[in-house]
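One structure is given here, and the rest of the page talks about it.
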Amino acid sequence: MKEQMQDTWAVPERVREGSPNPIADFDGFLRARHAAEVDPDGFWLGQTHRLLSWRTAPTVGLDGGYHTVKDGPFSWFADGTLNVTESCLDANLESRGDKTAILWEGDEPGDVRRISYRELHGEVCKAANALRELGVQKGERVIIYMGMVPEAAIAMLACARIGAIHSVVFGGFSAEALRDRVRDCGAELIVTQDEGLRAGRTVGLKSTVDAALEGEQGVRRVLVYRRTGGEVAWNPDRDVWWHESVGKQSPECPAEIVEAEHPLFILYTSGSTGRPKGVLHTSGGYLTWVTYTFRTVFDLRDDDVFACMADIGWITGHSYIVYGPLANGATSLMFESTPVYPDAGRYWDMVQRLGITIIYTAPTAIRALAAQGDDFVQKYDRSSLRILGTVGEPINPDAWKWYYDVVGEGRCTIVDTWWQTETGGMLISPIAPATPVRPGSATFALPGVAPALLEPETGRVLHGPAEGHLVMTRPWPGQARTVYGDHERYVSTYFSTWPGVYFTGDGCRRDAEGYHWITGRIDDVINVSGHRMGTAEFEAALIAHDAVAEAAVVGYPHDLKGQGVYAYLVLQPGHEASAGLEKALNGVVREIIGAVAKVDIFQFVPGLPKTRSGKVMRRILRKVAEGRGDQLGDTSTLADPSVVDAIREGARV
């Protein structure tokens, strides 16, 4: 069952058997890849006509490209019209009306809701009518700040139903972070809930919205879903209960038909500056991409129960909890709690109770569960599982093998998927029935994806076995079109480092057989437990404390989280390093960025390594944080080389 020649695992027979996938073996993958290479427009027009419900079927594939991106966004399927909810909901009513669309597991084990496609259609229409009654119009922005409840997905789809643009903000972000996003996109309505539940604790969501809106004038309405019944402050001129507003509406709402390039959502992601950037995805191309990749990579079958353990506040939740699964008529799990509540058997208990066949989670969760021992896994029946997926960050081979051997018992394949908020969906990934896998490798680019490795110093294209900067040389339908309100930032972020290609910001190694191994971020973004956070955001938060004169933040290898946060701080005169100060500084970070943000290691230094022009040499700080302080290379351009000696001597790794 398991072949380890060249450390390669063959696809188990149980995964290959009965596959409905057009790409059911490796030869099929090669044929599809060739077809997409020789005629990209024809390939993707064929896929989108087959997969989506178009009102006006497109006849144009890609218009423009990376060579025209400075002049404005390129487009896909530009002459087509549709509403994405007709593919996700209406198209499933006749054949799958009674099938469970959303399977929800609450914070407490066994707290389950099953919402059929017919019920989901009615609830989305009711919410869409409520949004219209509250004044939301086509093209306006709606912020969704909620926990993992079905109403969050309903709110997303309701926005799409009326042509509004949703922007989901992760429920762990602070009031200040929420306020920044409200201002940037000009939202006039926020959907939230009274409180969230997570690992037996309540999380104040409405209270955070109230704090974010203090002194703000732009938001006219706040629509509040009652989850816990906890007491919340109330502004009768602004706040509206979901059950009162949505509950009275008609379960029918005609879909607003939009052009393919109409914006579907804005999702904020961290960048190399302190200001988050609102990545904008459009309707036709994005839905084509997530529908195709979901069906293809996971080898979807009619009776599958698909469990993506992400939060819908991140792109993974958008693409592979909501839009991708629903457009394929799948049963999609939404999970409110954590993998270790009430104990480390929670995932596998759900697999047994709910009959989960595909599970998709982060390497951070896998490592955390592996550390708790095998007993929490083996006490539950996992025979329903066929495919194990990973997402959010590279997975180390040891965790991969534990996932394969202990969780899957050698019966399941692993799809280790690489992609980003900006890509919309998977770009490099195994295809479950077709791709022999290697521990820690994302394997091959999917059909229609054209990766290349560039030499970091020259930009020269590297061939054969190599390691370099990962770029994409050709657009794909799911690619983000712009940064909302700032196309110049989109161009400078993704297309200025290496003109004419999309720069992912990741490093990659390719072996002799063409397998890809993602080596991590090479820019000023840290990937902590799958959450991308800009170093500049941390630095701005730390400097906000009166004790801090200067701050420089880098990532470092972390056994559990993949990357940890390492902060070098220069203190103001009169302040001294202490555990109390570190705790206070993390309090500031949490307040400004959110609960997901935390500095793991503080190092107080006499100065930062700067060039004579004043630029901080981050490569030195990264190497020290990685335990490679003896490999710093040339430091002759530093204004004060003695600073480096002090940093090395005080390193906390």
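The values are calculated or read from the model by the stated rules, or taken from the named source; none is laboratory data. Every value quoted in this text rests on a predicted model; they were computed, and no experiment measured them. Counting neighbours? That spans all protein chains shown, and the Cβs are built from the backbone with ideal geometry, glycine included.
Quick notes on this one:
- Enumeration of residues in the stretch 429-445 that are over 20 Å from Gly507 (Cβ atoms) and either modelled with pLDDT under 95 or assigned to a loop (DSSP other than H, G, I, E, B) (or both): Pro430, Ile431, Ala432, Pro433, Ala434, Thr435, Pro436
- Selection within the stretch 332-344 - farther than 23 Å from Tyr320 by Cα and free of Cβ contacts under 8 Å to residues at least 60 places away in the same chain: Asp343, Ala344
- In this structure, Ser384 does not satisfy being small (Gly, Ala, Ser) and buried (at least 24 other Cβ atoms within 10 Å of the Cβ).
- The stretch 526-554, residues that are of a type in the set (Gly, Ala, Ser) and at pLDDT 90 or above: Ala547
- Residue within the stretch 237-246 that is of a type in the set (Gly, Ala, Ser), within 27 Å of Arg161 (Cα to Cα) and touching a residue at least 40 places away in the same chain (Cβ under 8 Å) present: yes
- Checked against the criterion of being acidic (Asp, Glu) and either farther than 24 Å from Pro73 by Cβ or assigned to a strand (DSSP E or B) (or both), the candidates Glu214, Glu256, Glu261 yield just one match: Glu214.
- Hits in the stretch 121-162 (condition: in a helix (DSSP H, G or I), in contact with a helix residue (DSSP H, G or I) (Cβ under 7 Å, 6 or more places away or on another chain) and among the basic types (Lys, Arg)): Arg161
- If you check Leu264, Leu189 for being in contact (Cβ under 8 Å) with a residue 12 or more places away in the chain, touching a Lys or Arg at 6+ places or on another chain (Cβ under 6 Å) and under 24 Å from Val483 (Cα atoms), only one passes: Leu189.
- Filter result for Thr417 (surrounded by fewer than 23 Cβ atoms within 10 Å (Cβ to Cβ), in contact with a Ser or Thr (Cβ under 7 Å, 6 or more places away or on another chain) and touching a residue at least 40 places away in the same chain (Cβ under 8 Å)): no
- Some residue of the stretch 571-579 being in contact with a Pro (Cβ under 9 Å, 6 or more places away or on another chain) and among the aliphatic types (A, V, I, L, M): no
- Flag if Ser167 is within 30 Å of Pro251 (Cβ to Cβ) and either surrounded by fewer than 22 Cβ atoms within 10 Å (Cβ to Cβ) or in contact with a strand residue (DSSP E or B) (Cβ under 8 Å, 6 or more places away or on another chain) (or both): yes
- Close Cβ contacts (under 9 Å, 6 or more residues apart or on different chains) running from residues in the stretch 454-476 that are part of a loop (DSSP other than H, G, I, E, B) to residues that are among the polar types (S, T, N, Q) comprise Gly459/Thr497; Trp476/Thr423.
- You will find that of Val297, Val290, Val305, the residue that is under 16 Å from Gly389 (Cβ atoms), in contact with a Ser or Thr (Cβ under 6 Å, 6 or more places away or on another chain) and surrounded by fewer than 23 Cβ atoms within 10 Å (Cβ to Cβ) is Val305 and no other.
- Against the conditions (1) touching an Asp or Glu at 6+ places or on another chain (Cβ under 7 Å); (2) part of a helix (DSSP H, G or I); (3) within 30 Å of Gly285 (Cα to Cα), Leu333 satisfies every one except (2).
- Residue among Trp498, Trp517 that alone is at negative phi and touching a Cys at 6+ places or on another chain (Cβ under 8 Å): Trp517
- Only one entry in Arg509, Arg481 is in contact (Cβ under 8 Å) with a residue 12 or more places away in the chain, outside the structural domain of Leu608 (by TED's automatic domain parsing), basic (Lys, Arg) and surrounded by fewer than 17 Cβ atoms within 10 Å (Cβ to Cβ), namely Arg509.
Yes/no per residue for (1) of a type in the set (Gly, Ala, Ser); (2) at pLDDT 95 or above:
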{"position": "Val191", "(1), (2)": "no, yes"}
{"position": "Gly215", "(1), (2)": "yes, no"}
{"position": "Gly218", "(1), (2)": "yes, no"}
{"position": "Gly229", "(1), (2)": "yes, yes"}
{"position": "Val240", "(1), (2)": "no, yes"}
{"position": "Cys253", "(1), (2)": "no, yes"}
{"position": "Phe294", "(1), (2)": "no, yes"}
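- From the list Arg382, Arg295, Arg301, the one residue that fits, being of a type in the set (Lys, Arg) and assigned to a helix (DSSP H, G or I), is Arg295.
- Every listed requirement among (1) surrounded by fewer than 24 Cβ atoms within 10 Å (Cβ to Cβ); (2) within 19 Å of the chain's Cα centre (by Cα) is met by Met426 save one, (1).
- Residue match in the stretch 234-250 (condition: part of a helix (DSSP H, G or I) and surrounded by fewer than 15 Cβ atoms within 10 Å (Cβ to Cβ)): yes
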